[in-house]
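Have a look at the structure below, then the notes.
The values are calculated or read from the model by the stated rules, or taken from the named source; none is laboratory data. Small disclaimer: the values here were computed from a predicted structure and weren't measured. Neighbour counts run over all protein chains shown; Cβ positions are idealised from the backbone, glycine included.
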Amino acid sequence: MKKSTNYKKILENFFIKKEGQSIKKSLKKINLIKSGILDSMDILNLALFISKKFNIKVDISNEKNLKAFEKFDHILKLIKKKK
């Protein structure tokens, strides 16, 4: 269970660096793509970030994986599933 907390913190820090501390309040509630927090370049950058930090490959050409980038918790589940 402790590892998942680390995944969450690392992922949160990605968004905090990008958007600032205020993102923490709404991070788990919003659609990251529709809200404009993640655009196509951000999705690519986040996939690369996940690849480097967690040593896993996220195929963003896969529609299911790409859809996971809409919600913070879905991204977290994707990471846990691949680990």
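Observations
- Residues being under 17 Å from Lys9 (Cα atoms) and at pLDDT 95 or above - total across region 54-75: 6
- Members of region 34-65 found to be among the acidic types (Asp, Glu) and touching a residue at least 12 places away in the same chain (Cβ under 8 Å), listed by number: Asp42
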